[in-house]
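Quick note: the coordinates plus some simple rules give every number you see, no bench work behind them. If you're wondering where the values come from, they're calculated on a predicted model, not measured in any experiment. Using ideal geometry, Cβ is built from the backbone for each residue, glycine included, and neighbour counts are taken over all protein chains shown.
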Amino acid sequence: MADEKKVCPQCSGEKVIPGTCVCNMEWRGTQTGDDWDDCQCEKDVECPICKGTGYVDAK
């Protein structure tokens, strides 16, 4: 019987989990030129469940 795989439930097969962004006009984030970016964003991370494959073994 071949190895059966199912879509990873944590990342929905996307391989990475997108970082979240929080925006707030009360505090300043990063200045780019003369403009301020009011959002703080986390980086995208590789899914820890499927290790970036998008699938897990079906058991």
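Listed values, structure above:
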quantity: Estimated translational D of the range 5-57 in µm²/s (Stokes, Kirkwood radius over Cα pairs; 20 °C; 1.002 mPa s); calculated: 167 µm²/s
quantity: Rounded to the nearest 20 debye, dipole of the range 5-57 from Cβ charges on Lys, Arg, Asp, Glu; calculated: 520 debye
quantity: Reachable aspartates and glutamates, given that their alpha-carbon falls under 15 Å from the alpha-carbon of residue 15 and they are not under 8 places away in the same chain; calculated: 44, 46, 57
quantity: Qualifying lysines (Cα of each under 19 Å from Cα of residue 59; at least 8 residues distant if same chain); calculated: 5, 6, 51
quantity: Within the range 9-25, backbone nitrogen closer than 11 Å to the virtual label 7 Å beyond the Cα of residue 44 toward Cβ; calculated: 14-19
